[in-house]
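Colleague: Below you'll find the structure I mean.
Since every read-out is calculated from the coordinates, none of them should be taken as a lab result. Note that the structure is predicted; figures quoted are calculated from it, not measured. Glycine also receives a Cβ, built like all others from the backbone with ideal geometry; neighbour counts cover every protein chain displayed.
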């Protein structure tokens, strides 16, 4: 293989990986929203929920407790459907906030979305226990 052909192949491989990463980032609402905030110079750092609404935190605690007490796949699915609904609403609210340039609002909503995405993963784990 010629040197130029090898360089072109390496170039193609690196850009293919970059395109794949971009696709996967934009595919999911959470990673897409976090990326959009990052473009504006804002980052949601781990463990920065000290300003979270106590009512929201109570809701999360109740959902997590309910998930811990799940005895059937149907119960887990019910929590999963509730969580999917919350994520859908949050996605719409985040999109609207970003379109309006309301970055602080988008940041707060994305922080909530992170929690619900975590619950969604816990639901999947719980469902796998029933299989």
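Colleague: With angles folded into 0 to 90 degrees, how steeply does helix 73-100 sit against the dominant principal axis of the chain? Use alpha carbons for both and round to 10.
Modeller: For helix 73-100, the angle is close to 60 degrees.
Colleague: In whole angstrom, note down how far apart the Cα centers of the stretch 95-111 and the stretch 53-73 are.
Modeller: After rounding, the separation between the Cα centres reads 25 Å.
Colleague: Rounded to the nearest whole Å³, what is the per residue volume of the convex hull around the Cα atoms of the stretch 3-129?
Modeller: Residue-normalised Cα hull volume stands at 149 Å³.
Colleague: Given the options 93, 120, 55, which has the most mean-square fluctuation in a GNM of the chain, springs set between C-alpha atoms less than 10 angstrom apart?
Modeller: Comparing 93, 120, 55 in the GNM, the peak value goes to 55.
Colleague: Return the tail of the calculated pair distribution for the stretch 59-125, meaning the percent of Cα-Cα pairs more than 16 Å apart.
Modeller: 47
Colleague: Let me ask something additional. Arrange 100, 114 by Cβ neighbour counts within 10 Å, fewest through most, would you?
Modeller: Ordered from fewest to most neighbouring Cβ atoms within 10 Å, 100, 114 come out as 100, 114.
Colleague: Running a GNM on the chain with Cα contacts under 10 Å, which residue among 87, 18, 103 ends up with the highest mean-square fluctuation?
Modeller: Its mean-square fluctuation being the largest, the pick is 18.
Colleague: So for 86, 78, fewest C-beta neighbours within 10 Å to most, what's the order?
Modeller: Listing 86, 78 from fewest to most nearby Cβ atoms yields 78, 86.
Colleague: Next up: How do 25, 72 rank when sorted from fewest to most other Cβ atoms within 10 Å of their own Cβ?
Modeller: If I rank by nearby Cβ atoms, fewest first, I get 72, 25.
Colleague: Angle between the Cα long axis of helix 103-129 and the longest principal axis of the chain, 0 to 90 degrees, nearest 10?
Modeller: Approximately 80 degrees, to the nearest ten.
Colleague: Counting pairs of alpha carbon atoms under 8 Å apart in space and at least six apart in sequence, what relative contact order in percent does the chain give?
Modeller: Answer for the chain is 29 percent.
Colleague: For the chain, take the longest principal axis of its alpha carbons; what is the angle in degrees between that and the long axis of helix 29-39, to the nearest 10 within 0 to 90?
Modeller: The answer is roughly 60 degrees.
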